[in-house]
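Enquirer: Before we start, here is the structure in question, set down as structure tokens.
The values are calculated or read from the model by the stated rules, or taken from the named source; none is laboratory data. These numbers were taken from a predicted model, which means no experiment stands behind them. Cβ coordinates were reconstructed from backbone atoms using ideal geometry, including for glycine residues, and neighbour counts include every protein chain displayed. Keep in mind that these areas ignore ligands, DNA and RNA; they rest on the heavy atoms of the full protein, side chains included. Shrake-Rupley method; radii C 1.70, N 1.55, O 1.52, S 1.80 Å.
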Amino acid sequence: MMAIRNAFRAALLAVCAGLSVAGTDTERRLYSTDVCVSVIAIAGSPDPRYLQAGILADDMTNLVSDNTMEEEFVCELESGKTVPIKGTDTQMKSMKQLLNSGELISAETTIGIADDQIVNDGDSSVYLPSGDIVLAPRNEIQMSIQARRKMLKGAAAVSEKRDRKLVEFEGTQAFLVVRVTDSAGRAHPDSAAMISDNIFGTSGDPLNLKTQMAACSFNKLRITNTYSVDISKHLDAPGVININIPIQLSGNGKQAVRDAIVLATERKLGFSLPGPFDHVMYVLEDCYVECGWAAYAYVNSWLSIYQSDNYKYVGVQMHEIGHNLNMAHSGGLDGQTYTDHTCLMGNPYYTDDSGIMCYNAAKNFQMAIGNGSWYNGNAAATVVWDSGTVAGTSWAGTIIGIADYENNPNSRPVVVKIESGTADDLFVGFNRARGINSQTKAAPDQVTVHLAGNDGVGYATSFLKATLSQGTSYTVPNWRGSGVNLVIQVKEINLSSTPGYAGIQISFGNPVVAPTMKPTIKATPKPTKVPTMPPSTVKPTPIPVAAASTKPPTRTPTRNPTSKPSISPTSKPSTAIPVGTCGNSVCSISEGSSTCPLDCAAKELLTTFDFSLGSKGNMFTVKALRDISVTSLVLNSVARGAGSVKVYTRNGSYRGYELSSQGWTLVHSNSTVTHSGRGQPTEIGAFKSTVTVKSGATQSFFVTSSIGLAYNAGTEEGALLKKDGAVIIYEGVGTTDEFSGSVLSPRTFGGVLRYDALKTVPDVCGDSKCSGRESSVSCPADCADKELLTSFDFSLGSSGNMFSIKALRDISVTSLVLNSVGRGDGAVKVYTRVGGYRGYELSSEGWTLVYSNSAVTHAGRGQPTEIGAFSSAVSIYNGVTQSFLVTSSIGLAYSAGTEEGAPLVNDDSVIIYQGIGTTDEFSGSVHSPRVFSGIMR
């Protein structure tokens, strides 16, 4: 072993596990890599039963011993067995970061600890002693059992970044499915023949793993249940065997069950796994211990495990085999890990008859360029555009959806990668909803923008940043630290041509060209406040700060659309009355309902009067594309008769206030509204006070009816439902009562929004109002140094206070003002983390220290204690939740709350929620509910 260790010493790549980077002295140390032949990451899908119950995010720690929302790691021993890796919170966080950065490659990298030995606890666990983690690339001296088997099968060498390709992405791949029966007789009720049909389609199932994998790979990855080794005597159906394990599912956790099923399979077949198989799928009856997962898989490896009916759902199958193929999760607009519903690596379909969709633009780029497969046959399929660091560059062209990859006579790209100068790049695609992607769950036939790390070529969680329809744009402020914005515009979406395409323009500092749908209105779907710090490594930032080379784009970006010009008018021909003339049926930006009621008053936006569901209430958000005044609604009622109707409204989003009346204003109440019944317009009359919404701002509405409201199920809460040139209506929720009962999501408003279009008054910097089109950069007088006060009242106190906030627009939290228990100099620390704090009250995992000062002058109870600016401001994107922990050696004064997680106070930009008190820093006792006392800046 010493000889092996010495041979490895020169090849070891030292990487710090959240501590200081090892220098020259560290490089001469002796590292231990004897125990783990390789490190394998595990990732999976959440159990839909917990998702539906609404307990996955808040109460996961009550369900599992580890966080199934993030990756876990196992150590592959020399024997081929895998055991869990256990270490400090800092070490495990570091391993996740190294995995997503591409430095740690699952099943291809091993680890060690500087100056110490990794401890193997009797083949049950591997414990990491404190110290720096070091990564070692595999070589032929120290190669995993799996790698040696793959090499014997003829796996080819890959680039210098990898030692061996352990996963093959193309060709005919052998899949084995194992149906498990435990010692109590628990087994999935589906027979081996039924399981075979659900995976391979052996009895005619039209939608299964084999058909969809062939479709998404354009038949480059072909699944077979024919093997190079004869195991026919063991097969209970084509591609399926039954095994029995000597333990019960109900009394054992994931590791014990995994060990038992692998060992039982190897004993039955007479050889070690994976053997002749490229992938092995295990089917369990259910989960009883360490649950919360629907299925999970080894990343860049061969094993996947499914519990209950999840094995038969194509969305789950494709998700887990995606992990086997080295794909990471896909996060959504809300910053959560599984909510990119344009991609099967987001939260997949949990149904047996749906799932005809593929992967997102970032994953497609990874497959084509990083893996050199699937979409690499056409060099034009991917474009890499580097804007450089000097403003004035742009790219314009047309892109097609992945479904039309083989129907592309004009060689249009399916992915445009925008180089950021860092490892975190943007990927633009067209989510064409047809063919192999016809059941995409979100943003059908829209342009998507994703952010992904690892240069897009390896394992890295992607995040959906924007879904764009024709005439809309997405802005990245301060692109590459230049102080100038990057704007991605959708000039045209043409679904009538073959293939359908989207015309896009990417501009770095160029003037914004007016959109094609309404040339007089510039849509701004996302506020442009400049973040000054990435929220955390969990959520990548689209605003790189490092300098970058100015290499030219990899193909000439001058291809024009082959159909109509992208700026052709979409309404009346040029012979019509000129724009701006009252009476031409067009309400121009220079007109309004007061100056030209003929064109601008009593406008209507109809969603639909179709229906399939109904309840007492409907809540939704609108966004103004110009200044408007909402005057009334026309409803779709469940039944006929006289009944009461109420309409409430609030600034910004309703999220977090579905069951709270705080911040809502009643603008209409009538106890004798004549309801017309389903499919017929129910007139409620004019609001008692109209609701003015400024251009770029969002406004929410809550409608209740004693008769009931009819509506439809939506596709995704917050997705675009309907729009015209002045306003967008988004999908919302249904409610069973007025600020109580159940919330049903997603649901769509059925009816008509009536409004007057107002003459848009330009924003005036210095009017003390930070509009949706202003930011701290464009107008610091209105938008910088904002404050939100909770209270300086107090009745309780302790050493720490933990709470969450939610951004209603892009913001940057720069400091806090505290309420201290006593006077004097003392230490103050502020930690932050993306998302909620629940489950992490007593764990430092995921928390980032943004402020530390050992000599803060505390002013005492009821007086503001100034701590100064954070060492790094905390940027929070619109709709994202962020948590804070404040500790003080003097102590913090606060009050008891009413309900942990309930809204405490808000303004137009941010909501502060009730939280908890803590007696120490990530230890001690937790007191709930408690409210933060002080000011957020």
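Enquirer: Whose amide H sits under 5 Å from the amide H of Glu285, counting only residues 5 or more places off or on another chain, with H placed in the peptide plane?
Expert: The list, which skips near neighbours in sequence, is His188, Ser308.
Enquirer: If you count only protein heavy atoms with a 1.4 Å probe, what accessible area per residue comes out for segment 644-787, rounded to a whole Å²?
Expert: Computed with neighbouring chains in place, this is 41 Å² per residue.
Enquirer: Can you pick out the pairs among Lys723/Lys769; Lys86/Lys417; Lys417/Lys694; Lys220/Lys363; Lys465/Lys688; Lys623/Lys786 whose Cα atoms lie more than 28 Å from each other?
Expert: Lys86/Lys417; Lys417/Lys694; Lys465/Lys688
Enquirer: Would you list which aspartates and glutamates come within 13 Å of Lys722, measuring only between C-alpha atoms, while excluding same-chain residues fewer than 8 positions from it?
Expert: Glu604, Glu731
Enquirer: Whenever you get a sec, compute what percent of the accessible area on segment 449-497 sits on carbon and sulfur atoms (1.4 Å probe).
Expert: Carbon with sulfur: 44 percent of the solvent-accessible area.
Enquirer: Per residue, how many Å² of accessible area does segment 798-860 show with a 1.4 Å probe?
Expert: Counting only protein heavy atoms, the per-residue value for segment 798-860 is 30 Å².
Enquirer: Now, a different point. For segment 787-914, with all protein chains present and a 1.4 Å probe, just round the carbon and sulfur fraction of the accessible area to a whole percent.
Expert: With neighbouring chains kept in place, the figure for segment 787-914 is 47 percent.
Enquirer: Still on this structure: Over segment 162-314, what percent of the accessible surface lies on carbon and sulfur atoms, probe 1.4 Å?
Expert: Percent of accessible area from carbon and sulfur atoms in segment 162-314: 47.
Enquirer: Follow-up question, since we're still on this one. Of all the Cα-Cα pairs you can form in segment 833-901, what percent are over 20 Å apart?
Expert: Pairs farther apart than 20 Å: 45 percent.
Enquirer: Ok, one more. From the phi of every residue in segment 687-698, what ³J(HN,Hα) in whole Hz does the Karplus formula 6.51 cos²θ - 1.76 cosθ + 1.60 yield, where θ is phi - 60° and glycine or proline is x?
Expert: Result, ordered by residue: 4, 5, 9, 5, 10, 8, 10, 6, 3, x, 8, 10 Hz.
Enquirer: Using θ = phi - 60° and the Karplus form 6.51 cos²θ - 1.76 cosθ + 1.60, what ³J(HN,Hα) does each residue of segment 194-206 get, whole Hz, x for Gly and Pro?
Expert: Working through the residues one at a time gives 5, 4, 4, 5, 5, 9, 10, x, 5, 10, x, 4, x Hz.
Enquirer: Let me ask you something else. Please calculate how many Å² of accessible area segment 257-329 carries per residue, with a 1.4 Å probe and no DNA, RNA or ligand atoms counted.
Expert: With the other protein chains kept in place, segment 257-329 gives 18 Å² per residue.
Enquirer: Next question, about the same structure. Could you please state, rounded to a whole Å, how far the C-alpha centre of segment 314-342 is from the C-alpha centre of segment 707-742?
Expert: 26
Enquirer: Where does each of 300-312, 318-330 land if you order them by average Cβ count within 10 Å, highest first?
Expert: Per-residue mean Cβ counts within 10 Å order the peptides as 318-330, 300-312.
Enquirer: Quick one: putting +1 on the C-beta of Lys and Arg, -1 on the C-beta of Asp and Glu, what dipole do you get for segment 729-865 around its Cα centre, in Debye to the nearest 20?
Expert: Using only the charged Cβ atoms, the result is roughly 140 debye.
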